[in-house]
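The structure appears right after this line, and notes come after that.
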Amino acid sequence: MAHQCIKRIRGRLCNDLERIGAAYELQLASLKKDGTLRKPVTIWVVRVGDDLYVRSYPGHEGAWFRQIQRRHEGRISAGGVTKDVTFVDVSDDEELNNEIDAAFQSKYKRYSSTYFGPMIAPQARATTLKLVPSA
């Protein structure tokens, strides 16, 4: 799906949104209690409309997801862009999660369903997070 993005969207430049959304992998570093960054992990990212979303492949048991639950802030890097973000739980929005499922299927269909299948399974859907740029 092509997006027309000609203005700033909630503090981020459209070009950044497009570059991160087009990247197949995203580096995510959560914050420790003392405010320093943990070692980044590589995960998948999708774009739906003008927002970016991530999920935990193993669901609530994923280490990075558990860390995010303690402190909902971190840093992402993808497509040559690095941003500080807040992670917002959107797992209860059924309609949005259906769109996110479709985005994962479309973007990662080149991989076998062995890989993208778990990203649209209930355990992963329960961990859907929206990436909101920090102010």
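Each value in this text was obtained by applying a stated rule to the coordinates, not by laboratory testing. Everything numeric here is computed off the predicted structure, so don't read it as measured data. Because the Cβ atoms are built from the backbone with ideal geometry, glycine has one as well, and the counts that use them run over all protein chains shown.
Quick notes on this one:
- About the Cα centre, charge dipole magnitude for region 43-105 (Lys/Arg +1, Asp/Glu -1 at Cβ), debye: 540 debye
- For the chain, the alpha-carbon radius of gyration amounts to 0.99 times the rule-of-thumb value 2.2 N^0.38 Å expected for a compact globular protein.
- Farthest positive-ward along the chain dipole, Cα basis, beta-carbon charges - from 20, 97, 58: 20
- Cross-link partners for residue 83 among the lysines, with Cα-Cα distance under 25 Å and sequence neighbours closer than 8 places in the same chain left out: 7, 32, 33, 39, 107, 130.
- Structural descriptor for the chain: relative contact order 28 percent, calculated from alpha carbon pairs under 8 angstrom and at least 6 residues apart.
- For region 27-75 versus region 82-101, the inter-centroid distance based on Cα atoms is 12 Å.
- Neighbour net charge for residue 63 - beta-carbon separation under 12 angstrom, K R +1, D E -1: +3
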